[in-house]
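K.L.:
The structure under discussion is supplied below as structure tokens; questions concerning it will follow.
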Amino acid sequence: MNDIMQMIADHAFYEMAAILVLATLVGGIGYLLKQPLIIAFLAVGVLAGPSALGLIDSYERIELLADIGIALLLFIVGMRLDLHLIKTMGPVALATGLGQVTFTALIGYVIALLLGFDPLPAAFIAVALTFSSTIIIVKLLSDKREIDALHGRIAVGMLIVQDIVAIIAMVALIALSKGTGTEDGGSDPNIAIQAVTILGKGILFIGAIVIMMRWVLPRLLEALSNYQELMVLFAITWAVALAATGDMLGFSKEVGAFMGGVALASTGYREALGARLTTLRDFLLLFFFIALGARLEFAAIVTQIPAALVFSAFVLIGNPLIVMTIMGIMGYRRRTGLLTGLTVAQISEFSLILAALGMSLGHISNDAMSLITVVGVFTICASTYMILYSAPLYGLLGNWLTWFERKNPYREQHGGDAATQGADTMVIGLGAYGANLAEHLIERGHRLVGVDFDPEVLRRWRSHIGVVYGDATDPEFLDQLEFSGIAWIVSTTRDRNVSLNLIDVLRRRGYVGRIALTARNRHDAEIFADAGADVVLRPFRDAAEQGADALHSAMHMLPMEIDWPLALREVRLRPGSAYAGSCIRDLELYAQTGVSVLAVSRGGKVHLQLDADFRLFPGDRLVLMGPPDNLRQAGGMLERLETHDLADEPPQCGVSEIPLPSWAPQVGQTLATAGLRENYNVTIVGIRRGTEQLVSPDPDTQLLAEDHLIVVGSHDDLNRLQQSLLADNNA
């Protein structure tokens with residue numbers, strides 16, 4: 001065994017292969033335990049290091065890969081720096097981010113001093129406790145489909161603030177290392193000059209980046225966009241080159257890489273580049289955590305466990321309490337505060353990078369580095385489960401957290417009774433699908449109230465409909481939701497648990513209207529139907545079906561090429577179109593635009609021989625032929641919606657239970673001879689006869705006095721039948 005280990009250690013390629021095999025095996029175990037890969041990679045470093053298997057010999061190569069990984073991490077953080085998100089979340093992202101960092105650092109510093117650490121290591125430890133892992137939190141929230149929930153958006157905004165503070169802390173550390181003092185412990189008389197020099201270098205560095213952002217990078221990326229591999233290579237080169245430049249100027253590789261990412265943040269290619277670089281970043285960061293774990297010694301870890309437990313308890317409990325206190329003061333509910341606070345109940349890879357930087361500068365010892373790493377392992381492991389099981393955790397602690405909530409949590413109580421007055425339909429969720437659904441419902445004359453947790457979305461809709469600020473994932477919000485007078489509640493969220501909870505809350509509160517839910521797939525649709533949903537929407541299936549219809553008809557009706565100065569275009573006749581129900585002769589397309597209807601696709605069948613009396617219906621796909629410049633005008637005509645008064649609305653169908661009085665002439669007749677369908681245009685779907693219920697009676701069923709008829713028809717026809725039965729008595 002020792003010979004094998006020695007052979008691996010003597011060959012760098014064998015060493016790398018062994019490390020990757022070990023990382024894959026330990027990573028698989030971590031995946032089964034639902035732990036982030038950071039923990040697995042640290043464990044790999046400990047196992048591969050001199051304290052265990054002794055696989056690692058070429059530290060220089062591993063550290064080089066680790067440096068590139070950290071540069072890419074900071075580069076992607078800078079590239080995805082979304083200041084717009086902080087702005088849209090209002091003051092809560094800044095208040096929670098800065099407040100949590102400040103109070104955690106101050107309290108952590110006091111704890112470190114009480115545990116016997118010197119002031120400078122205590123400051124490093126305190127600052128390391130303040131940062132939370134953006135990578136881990138975004139991954140966990142995305143897996144739980146909570147990234148767009150109210151607490152998810154606040155957490156992401158807060159983490160962005162933390163990332164900015166982390167970069168500022170790194171710059172401050174570099175400045176501190178340049179001018180803290182002389183080797184003999186005295187004060188450096190040139191500290192002011194050094195500070196001015198660093199400031200001047202920073203201004204020149206940022207100025208050069210701004211010039212590149214304004215005049216060079218947009219054109220360069222546009223030219224490279226046709227060559228994806230080359231554009232990715234440029235992004236990596238840009239990140240590493242800026243990291244090297246920052247290091248040469250004295251700002252560290254991390255700051256340089258971050259500024260390189262910021263330079264690309266305003267371009268339209270940041271999302272594509274970020275997606276392509278994320279996998280490479282994660283692979284290279286493996287070596288940073290392995291190198292970090294390899295330097296941990298079991299003896300040092302054991303001696304730091306008591307202090308690590310104290311700091312871990314503070315991070316796991318104290319950080320959420322700080323965030324909950326700030327959010328409670330700002331007017332958020334205790335549930336939102338707890339779910340947001342749980343996202344900062346761990347320290348991050350930034351904390352470890354900051355500590356590694358401090359050790360390289362000689363500010364902290366290996367013992368302090370080991371302590372911060374152990375705290376990271378403890379808190380990341382524990383907080384992962386806390387976030388995954390946040391809902392049961394709130395159910396357990398919710399009643400004990402009331403003092404973190406104001407009597408009037410006004411941030412989550414916008415809208416209410418006034419917003420729902422006069423509305424007949426409530427749409428919960430005004431995202432892309434919900435917004436389009438709301439527009440079409442408004443076009444059809446429905447009076448809407450919208451519910452969403454995005455202030456910007458509500459601001460856009462406020463002039464059109466009533467709006468209510470709230471998060472459908474919050475059971476307490478649903479318990480206080482006002483729905484009097486609402487006939488339909490439509491939820492566009494596709495989260496199964498949220499939808500089922502919505503049904504439970506509405507039924508428990510006695511809601512008697514109709515419920516429409518949105519399903520991701522057939523399985524969820526069946527579950528929603530069994531749970532009592534009146535309508536289940538399937539946006540992906542419906543869109544795919546319409547898309548298939550369009551492609552199918554186009555494949556058959558649109559030729560590949562035509563050598564003639566005419567063009568073809570397909571237009572779908574929307575419901576509500578001014579021409580729905582019209583005949584071909586009524587279109588006047590040719591007279592106004594010179595465009596003709598060549599064919600109509602309906603229900604999978606293509607109609608080519610169109611006479612003047614051919615009637616068009618909503619959903620028909622019309623193939624138009626005419627001059628290319630005129631086709632757009634013709635398509636706009638057909639897509640124009642009809643404007644009409646409510647009196648012109650088509651008759652609405654209803655179900656009514658109508659008693660059959662003893663004097664009615666239909667008594668004693670069968671359904672076939674009573675003539676109800678012929679005379680009143682209604683259908684008998686059931687008869688209630690005492691305690692007996694006749695479902696779907698056949699035509700030979702005889703009508704008896706005092707039968708209660710279950711009748712389907714338009715409201716006008718139902719009223720006409722009921723009045724006729726009363727009129728027979730008066731006669």
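K.L.:
State the answer as a single residue: which of L441, L500, T473 lies farthest towards the positive end of the charge dipole of region 413-537, with beta carbon charges of +1 for Lys and Arg and -1 for Asp and Glu, about the Cα centre.
P.N.:
L441
K.L.:
List V467, V536 from most exposed to least, where exposure is judged by having the fewest other Cβ atoms within 10 Å. Before the final figure, lay out the partial values.
P.N.:
Details: V467 23, V536 19.
Ordered by Cβ neighbours within 10 Å, fewest first: V536, V467.
K.L.:
Can you tell me the FRET efficiency between H11 and F283 if r is taken as the Cβ-Cβ distance and R0 is 22 Å, rounded to the nearest 0.05?
P.N.:
Values: r = 21 Å, r/R0 = 0.96.
Here the calculated transfer efficiency is 0.55.
K.L.:
Can you classify the chain as rounded, prolate or oblate using the Cα gyration tensor, where a ≥ b ≥ c are the square roots of its eigenvalues, rounded means a/c under 1.5, and otherwise it's prolate if a/b beats b/c and oblate if not?
P.N.:
Numbers: a/c = 2.61, a/b = 1.88, b/c = 1.39.
Prolate is the answer for the chain, as a/c is 1.5 or above and a/b outweighs b/c.
K.L.:
Per residue, how big is the convex hull around the C-alpha atoms of region 651-730? Give it to me in cubic angstrom, could you?
P.N.:
Working: hull volume 6.2 nm³, N = 80.
Value for region 651-730: 77 Å³ per residue.
K.L.:
From the C-alpha coordinates alone, can you work out the Kirkwood hydrodynamic radius of region 311-436, in Å? Walk me through the intermediate numbers first.
P.N.:
Values: mean 1/r = 0.0572 Å⁻¹.
About 17.5 Å, per the Kirkwood formula over Cα pairs.
K.L.:
Here's a follow-up. With the crude spin-label approximation of a point 7 Å out along Cα→Cβ, what separation in nm comes out for T673 versus F614?
P.N.:
Distance between label points: 4.8 nm.
K.L.:
Can you give me the C-alpha center-to-center distance between region 490-534 and region 368-384, rounded to a whole angstrom?
P.N.:
41 Å
K.L.:
Still on this structure, please answer the following. For the chain, calculate the relative contact order in percent as a whole number, restricting contacts to Cα pairs under 8 Å that are 6 or more residues apart. If you can, show how the numbers build up before the last one.
P.N.:
Numbers: 1111 pairs, mean separation 76.6, N = 731.
Over the chain, the number comes to 10 percent.
K.L.:
Work out the FRET efficiency for V196 and T237 from their Cβ-Cβ distance, taking R0 = 30 Å, and round it to the nearest 0.05.
P.N.:
Numbers: r = 32 Å, r/R0 = 1.06.
Given R0 = 30 Å and the Cβ-Cβ separation, E is 0.40.
K.L.:
Additional query: With Cβ to Cβ distances under 14 Å as the rule, what net charge do the other residues near A239 carry (K, R +1; D, E -1)? It would help to have the intermediate numbers written out before the result.
P.N.:
On the way: positive: R80, K253, R270, R276, R281; negative: D67, D247, E254.
Overall, the nearby charge balance is +2.
K.L.:
Net charge near P618, counting Lys/Arg +1 and Asp/Glu -1 over other residues with Cβ under 10 Å of its Cβ? Provide the component values of the computation, followed by the final result.
P.N.:
On the way: positive: R572, R574; negative: D620.
Net local charge, P618 excluded: +1.
K.L.:
Pull up the DSSP beta bridges for region 413-537 and report the antiparallel fraction as a percent, rounded to 5. Walk me through the numbers before you get to the answer.
P.N.:
On the way: 0 of 18 bridges.
If we restrict to bridges inside region 413-537, about 0 percent are antiparallel.
K.L.:
Once you list every other residue whose beta carbon is under 14 Å from the beta carbon of Q228, what net charge do they have if Lys and Arg are +1 and Asp and Glu are -1?
P.N.:
That sum, taken over residues with Cβ under 14 Å, equals -2.
K.L.:
Now a separate question. Please compute the contact order of region 651-730 in relative form: average sequence separation of alpha-carbon pairs under 8 Å and at least six residues apart, divided by the residue count, as a percent.
P.N.:
Numbers: 139 pairs, mean separation 36.1, N = 80.
It rounds to 45 percent for region 651-730.
K.L.:
Rounded to the nearest 5, what is the percent of antiparallel bridges among the DSSP beta bridges in the chain?
P.N.:
On the way: 33 of 51 bridges.
Given both bridge residues lie in the chain, the antiparallel proportion sits at roughly 65 percent.
K.L.:
As I understand it, the value is the acute angle between the Cα axis of helix 191-211 and the longest principal axis of the Cα atoms of the chain; what does it come to in degrees, rounded to 10?
P.N.:
Once rounded, one gets 40 degrees.
K.L.:
OK, next. Pairs of Cα atoms under 8 Å, at least six residues apart: use those to get the relative contact order of region 2-396, whole percent.
P.N.:
Working: 536 pairs, mean separation 112.7, N = 395.
Reported relative contact order: 29 percent.
K.L.:
Can I ask one more? Charges on Cβ only, +1 for Lys and Arg, -1 for Asp and Glu, centred on the Cα centroid of the chain; of L115, V138, V377, which one is farthest towards the dipole's positive end?
P.N.:
Working it through, the farthest residue towards the positive pole turns out to be L115.
K.L.:
Which angle between 0 and 90 degrees, to the nearest 10, do you get for helix 298-313 versus the longest principal axis of the chain when only C-alpha atoms count?
P.N.:
50 degrees
K.L.:
So if I restrict to the alpha-carbon atoms in region 2-396, what is the Rg, and what is Dmax, the biggest pairwise distance, in Å?
P.N.:
Computed over the Cα atoms of region 2-396, radius of gyration and Dmax are 21.1, 65 Å.
K.L.:
Still on this structure, please answer the following. Can you give the charge dipole size of the chain about its Cα centre, rounded to the nearest 20 debye, using +1 on the beta carbon of Lys and Arg and -1 on the beta carbon of Asp and Glu? Write down the numbers at each step before the final one.
P.N.:
Details: 52 positive and 72 negative charges, 194 e Å.
Dipole of the chain, to the nearest 20 debye: 940 debye.
K.L.:
Counting only GluC sites (Glu not before Pro) that are in a DSSP loop and have at most 16 other C-beta atoms within 10 Å, tell me the longest site-free stretch of the chain. Please report the intermediate quantities before stating the final value.
P.N.:
Values: sites that count: E183, E297, E482, E561, E588, E642, E706.
Here the longest segment lacking exposed loop sites spans 298-481.
K.L.:
At R0 = 41 Å, how high is the FRET efficiency between L113 and V216 if r is their beta carbon distance? Nearest 0.05 is fine.
P.N.:
Details: r = 49 Å, r/R0 = 1.20.
After rounding, the FRET efficiency stands at 0.25.
K.L.:
Quick one: angle between helix 228-248 and the longest Cα principal axis of the chain, in degrees between 0 and 90, rounded to 10, please.
P.N.:
Approximately 40 degrees, to the nearest ten.
None of the figures in this text is laboratory data; all of them are computed from the coordinates on show. None of the values given here were measured: they were computed from a predicted structure. All Cβ positions, even for glycine, are placed from backbone atoms using ideal geometry, and neighbour counts span all protein chains on display.
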